[in-house]
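Asks: Input: one structure, supplied below.
Only the coordinates and a few stated rules stand behind these numbers; no lab work does. Worth saying up front: this structure is predicted, and the values here are computed from it rather than measured. Virtual Cβ from ideal backbone geometry, glycine too; neighbours counted across all protein chains shown.
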Amino acid sequence: MHKRLSAALILMLLAAAAGHTQTPQPTPPLLPKVRTVTAFVRLDRANYQTQVAEALKMLRAAKTALTKAGYEVETIRITTQPFPEFTKGLTAEQALEFFRAFDKLAQQEEFTPDIGPAMSKDSDDPKQADLLARILAETQTINGFVAVADDAGIHWNGVRAAARVIKYLEEHTEHSEGNFHFAAGAFPPPVAPFFPVSHTSDAGHGFAIGLESANLVQQVFASAKGDLNSIGDQLTAALGQEAKKVEEIAHRVATSTGWRYQGIDLTPVPLKDISIGAALESLLQSPIGSPGSLSAAYTITTAVKRVPVQQAGYSGLMLPVLEDSVLAKRWESGAVSRDSLMSYSSVCSTGLDAIPLPGDISLHDLENIIGDMASLAVKWHKPLSARLLPVAG
């Protein structure tokens with residue numbers, strides 16, 4: 001059995017994920033942040049610079065419109081189709097050269113790219129997953145994933161390939177941080193603005209928005225009264241009020257730019273002092289992991305699903321351990337574990353996100369963890385993911 005990581009290492013990783021962590025504040029801002037506006041582009045290797053320039057024109061117009069309305073926009077992103085589709089015919093070294101140039105462009109233009117799944121089907125060449133590991137290790141901004149389950153069932157070749165990618169990134173990136181850019185994804189949503197499980201599944205030329213709205217959940221739960229049903233209704237109303245405003249802006253951007261608006265991912269994503277863990281604990285009036293935690297997770301997810309806007313991506317509850325100060329503390333104390341997170345995933349969109357693991361974890365154990373997530377996803381026919389962060393040494 002592997003020992004838990006120390007509190008000091010938990011805090012170091014949390015800082016690496018999201019900057020210096022502060023104690024959650026009791027009075028968060030009223031507006032949610034916009035974590036991302038993401039463009040979906042079917043990339044043509046010969047013309048990618050022109051395509052990126054066109055996408056950036058739309059993304060910057062969207063950022064300007066949202067900023068004028070009072071929303072802070074943290075990132076703009078571009079998602080492509082599965083990268084083996086546009087690197088076909090290239091050697092591994094040629095593909096790496098292309099992605100180094102793509103990464104350089106992303107840094108210069110200040111966008112974050114996702115190049116989709118290395119393996120979409122279980123029959124796909126696992127060498128593409130090994131190539132993805134090298135791409136992620138040798139670039140700064142690129143994200144990608146391996147699909148490990150869909151309507152056909154569990155992709156066991158994909159599970160093994162994903163475990164190899166995780167081990168490679170642990171061993172070949174500084175502080176093992178490369179795994180922040182990789183995940184194993186089950187039933188990957190067709191339009192997902194959040195990374196790493198994001199890909200372009202159609203003709204592209206569309207965009208979606210991802211909100212960072214854990215602060216709204218905090219606000220509602222801090223003053224909520226009644227049973228969980230009525231509290232869920234209050235959360236739906238609060239999220240809906242802001243989501244409709246954001247959607248109105250998105251429709252105007254779509255009209256002015258000619259890009260298709262494809263929805264909002266309403267997952268109440270946390271970051272630093274904006275803690276979904278703190279919100280849950282204000283509802284529970286106990287630490288996460290206490291009785292009622294599963295019901296609280298269900299309340300948030302169902303409240304999100306009821307918001308009457310065009311939804312995209314996961315649009316549920318996400319519990320990223322190392323991107324949330326309260327969750328990191330509960331993980332270190334043992335109140336939250338892989339088993340409890342898997343339990344909550346039966347009623348929400350978590351899977352296993354930003355999970356710290358010891359560096360001596362074996363490939364076999366990584367495969368089993370990913371396989372458990374994939375099994376749950378197949379059982380309930382729902383999108384889940386595993387972003388696992390073993391730390392060398």
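Asks: Tell me the relative contact order for the chain as a rounded percent, counting alpha carbon contacts under 8 Å between residues six or more apart.
Replies: Working: 863 pairs, mean separation 81.3, N = 393.
Computed over the chain, the figure is 21 percent.
Asks: Further, regarding this structure: Sort 155, 205, 251 so the one with the fewest other Cβ atoms within 10 Å of its own Cβ comes first. Walk me through the numbers on the way to the answer.
Replies: Working: 155 26, 205 19, 251 12.
Neighbour counts put them in this order, fewest first: 251, 205, 155.
Asks: Moving on to the next point. Just rank 373, 119, 58, fewest to most, by other beta-carbon atoms within 10 angstrom. Walk me through the numbers on the way to the answer.
Replies: Numbers: 373 29, 119 24, 58 21.
So the ranking, lowest neighbour count to highest, is 58, 119, 373.
Asks: Calculate how many DSSP beta bridges within the chain are antiparallel, expressed in % of all such bridges and rounded to the nearest 5. All intermediate terms of the calculation are to be shown ahead of the outcome.
Replies: Working: 13 of 41 bridges.
Of the beta bridges lying entirely in the chain, close to 30 percent run antiparallel.
Asks: Considering only the other residues whose Cβ falls under 9 Å of the Cβ of residue 209, what net charge follows from Lys and Arg at +1 and Asp and Glu at -1? Show your work: numbers first, answer last.
Replies: Details: positive: 35; negative: 247, 265.
Summing Lys/Arg as +1 and Asp/Glu as -1 gives -1.
Asks: Relative contact order, percent, of the stretch 237-378 when contacts are C-alpha pairs under 8 Å separated by at least 6 residues?
Replies: Values: 176 pairs, mean separation 34.7, N = 142.
Over the stretch 237-378, the number comes to 24 percent.
Asks: How would you rank 103, 114, going from fewest to most other Cβ atoms within 10 Å of each one's own Cβ?
Replies: Numbers: 103 18, 114 27.
If I rank by nearby Cβ atoms, fewest first, I get 103, 114.
Asks: Ok, one more. If you work out mean projected area of the Cα convex hull in nm² from the coordinates, which of (i) 16.4; (ii) 17.5; (iii) 18.6 do you get?
Replies: Correct label, based on the coordinates given: (ii).
Asks: Something else now. With a ≥ b ≥ c the root eigenvalues of the C-alpha gyration tensor of the stretch 177-313, is it rounded (a/c under 1.5), prolate (a/b larger than b/c) or oblate? Spell out each step's value before the answer.
Replies: Details: a/c = 2.32, a/b = 1.48, b/c = 1.57.
Oblate, since a/c reaches 1.5 and b/c is not below a/b.
Asks: Report the local net charge at residue 377: Lys and Arg +1, Asp and Glu -1, summed over other residues whose C-beta lies under 12 Å from its C-beta. Don't skip to the end; give the middle numbers.
Replies: Working: positive: 379, 382; negative: 150, 151, 372.
My count for the surroundings of residue 377 gives -1.
Asks: Given a cut-off of under 8 Å on Cα pairs at least six residues apart, what relative contact order in percent is computed for the stretch 149-284?
Replies: Worked out over the stretch 149-284, it gives 27 percent.
Asks: What residue among 87, 49, 219 has its Cα farthest toward the positive end of the dipole of the chain, where the charges are +1 on Lys, Arg and -1 on Asp, Glu, each on the Cβ?
Replies: So the residue furthest toward the plus end is 219.
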